[in-house]
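All remarks here apply to the structure that follows.
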Amino acid sequence: ANQKEPITYESRHIKKDKTGIWIVSTLSPVLDENGSIKKFIIISTDISDRKEAEDIIKEKNKDITDSIKYAKRIQEAILPAEKLVKQYLPDSFILYKPKDIVSGDFYWCAEKGDKKFIAAVDCTGHGVPGAFMSMIGSSLLNKIVNENNISEPGKILNALRDGVIKSLQQTGEEGENKDGMDISLISIEGNKIQYSGAN
C-alpha cells in the first residue's frame, strides 16, 4: 500500500479459446499534492510474440549446448590418458582447463620404437573453432609419427605445418585465415631429450 514506485511484472493469461497470452503490466501510483497515493494506473501490453521468441532461443541454446557437450566427450576421447603421460614423465601433471566447453588446447603423446613423444598445443581460437583445430592437430601428429614414421621433433613440426596448410587449404594469399597452432614438442629416448617449438 505504501509502494510509491512503479512495479512491472509479467503474467500468463488463458483466453476463452484456451490459448494463452503473456502480458507485461506496469502498475504506477498516482500521488496527490501531499505525496500520498491517490490511485493507481495500470498499463498492460501483450508480449506473447516476445515470449515465444525467447522460448525458441532457449530451446535452440539448449540444443547447441547439448551438442557442444557431446563434442567435448569426443574431444576428450582423443586426449591421452593421464596414466600414459605419467608413464612417460612420472613427476609430471596435466593442467587442462578449457575456456569454453570444448577447447582449442590439447596435449598429445605417442611412442614409436624407443622414443616417446609429448606435446602441449595451443590452437588458434577458443570453443568450437579451436576444438576443430585441436582435432586436426592431434590427427596430424598421430599420422606423422605413427604412419609416416617421422621421429625428429623439428621434422615432425615441419610435417605438421604442411599438414595444417593442406587441411585448411591455405595458400598464403593476403586476407586468408592464419589458423594454426603454437606447440612445444619433446622426444625422449633413454636419457636424451630433443625439443622443438613453433608458433
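Please treat every number below as a calculation from the coordinates, not as lab data. In this text, all values refer to a predicted model and were calculated from it rather than measured experimentally. Neighbour counts are summed over all protein chains in view; Cβ atoms, including those assigned to glycine, are modelled from backbone coordinates with ideal geometry.
From helices alone, the chain scores -11500 deg cm²/dmol at 222 nm; the rule is -39500 (n - 2.57) for each run of n ≥ 4 DSSP H residues, then divide by the residue total.
When Lys and Arg each count +1 and Asp and Glu each count -1, what net charge do the other residues less than 15 Å away from residue 70, Cβ to Cβ, add up to? Charge balance in the 15 Å sphere: 0. Note on the range 100-199: the C-alpha convex hull projects to 6.4 nm² when averaged across all orientations. Name the shape class, rounded, prolate or oblate, that the alpha-carbon gyration tensor gives for the range 1-101, where a ≥ b ≥ c are the square roots of its eigenvalues, rounded holds for a/c under 1.5, and otherwise prolate holds if a/b is larger than b/c and oblate otherwise. Oblate is the answer for the range 1-101, as a/c is 1.5 or above yet b/c matches or exceeds a/b. Spin-label model, residue 44/residue 72: points 7 Å from Cα along the beta carbon direction are separated by 4.3 nm. Annotation: amide H-H contacts under 5 Å for residue 105 (H modelled 1.01 Å from N, sequence separation of 5 or more, or interchain): 123.
Take 75-87, 157-169, 39-51 and order them by the average number of nearby Cβ atoms within 10 Å per residue, most first; the result is 157-169, 75-87, 39-51.
Quick check: the angle from helix 153-167's long axis to the longest principal axis of the chain, C-alpha only, nearest 10 degrees? The answer is roughly 50 degrees. Principal-axis analysis of the Cα atoms of the chain puts helix 127-142 at an angle of about 10° to the longest axis. Set against the 2.2 N^0.38 Å expectation for a compact globular protein, the chain has a Cα radius of gyration ratio of 1.78. Amide H contacts for residue 180 (H built 1.01 Å from N in the peptide plane; partners 5 or more residues away or on another chain; cut-off under 5 Å): 124.
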